[in-house]
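Only the coordinates and a few stated rules stand behind these numbers; no lab work does. Bear in mind the structure is a predicted one, so any value in this text is a computation, not a measurement. We place every Cβ from the backbone using ideal geometry, glycine too, and count neighbours over all the protein chains shown.
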Amino acid sequence: MAIRDILIVPNPVLKQVSKPVERVDDDTRALMDDMLETMYAAPGIGLAAIQVGVPQRIIVMDLAGKDEEPNPQYFINPEILEDVEETLPWEEGCLSVPDYFEEVERPERVKIRYLNYDGEEVTEWAEGLYAVCIQHEMDHLNGVLFIDHLSRLKRQRAIRKVQKAAREKALEAAE
Ligand code: NI
C-alpha cells in the first residue's frame, strides 16, 4: 500500500468524467487499498479515484466515529437509483479543497447500487451522513466538486484560499 498525492483545485484533472471499471481485479483492489491509506492519512472520510489522478469510477469511504472501529467501504461504478425530495443541509469539506467548508443541500436519502471490494453487487438505501458523503463522492466521478454547488463568488473565494495556502506552503518549503 502507498500514500498517493491528492490533487487540489483548480487542477483540471478534477473536472474529468471518470470511466466505469470493467473488471474488479487485484489491480482495482490495490488501487482501493492505496486510496484508503491516502484518505486515512489526510485525514478524510471519503475519496474518489480521480482525486489521486485515476479517472475510474471508484470511491472509498469510512464514516466510523473517532472512538469506533474502522469501517472501510468501497464503491465501484456506483449509481443512484432513487432519491427523495427531502433535503439535508450539511457543512461539507473536500480533500481537494483543503480547509474550506460550506453548507450544501442534497437529498437526505438515496438508493444506490455499486460493486463492493469483492466485485459483488450491492443495492441499499443510504441516509444522513452516508447519503451526503456518497453523493459528494459520486459528484467527483462526474467532474463535479462540492464548491460547484455554491455561488460563483463563494467558489472563487474557495479556490483563491486554496491557491494562497498552496503558495505559502511552497514558500515555506523553499526556505
Ligand atoms: Ni471531495
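Students often get this wrong, so check it: of 19/169; 111/164; 19/164; 19/66; 66/111, which have C-alpha atoms separated by over 30 Å?
Table pairs above 30 Å Cα-Cα are 19/169; 111/164; 19/164; 19/66.
For a quick check of your reading of the filter: which trypsin sites (Lys or Arg not before Pro) in the range 1-63 sit in a DSSP loop and have no more than 13 other Cβ atoms within 10 Å?
Sites meeting the loop and neighbour criteria: 23.
Pull up the DSSP beta bridges for the chain and report the antiparallel fraction as a percent, rounded to 5.
95 percent
What does the charge count near residue 39 come to, summing +1 for each Lys or Arg and -1 for each Asp or Glu among other residues with Cβ under 12 Å from its Cβ?
Numbers: positive: 4; negative: 33, 34, 37, 62, 137.
Neighbour charge sum, excluding residue 39 itself: -4.
Okay, helix-only estimate at 222 nm for the chain: each DSSP H run of n ≥ 4 adds -39500 (n - 2.57), divide by all residues, round to 500 deg cm²/dmol; what do you get?
Roughly -10000 deg cm²/dmol at 222 nm, from the helical runs in the chain.
Choose one answer from 67, 83, 26: the residue with the largest mean-square fluctuation in a GNM of the chain with alpha-carbon springs under 10 Å.
It is 67.
Do any GluC sites (Glu not before Pro) in the range 81-173 lie in a loop, going by DSSP, with at most 12 other beta-carbon atoms within 10 Å of their beta carbon, and if so which?
Here the GluC sites (Glu not before Pro) that fit, given the DSSP loop and packing criteria, are 85, 86, 120.
Which length gain, in nm to one decimal place, applies between residue 113 and residue 84 when the Cα-Cα distance is subtracted from 0.36 nm times their residue separation? Numbers along the way, then the final one.
Details: separation 29, 0.36 × 29 = 10.44 nm, distance 1.57 nm.
Working it through step by step, the gained length comes to 8.9 nm.
Whole-Hz ³J(HN,Hα) for each residue in the range 158-163, computed from phi via Karplus 6.51 cos²θ - 1.76 cosθ + 1.60 with θ = phi - 60°, x for glycine and proline: what do you get?
4, 5, 4, 5, 5, 5
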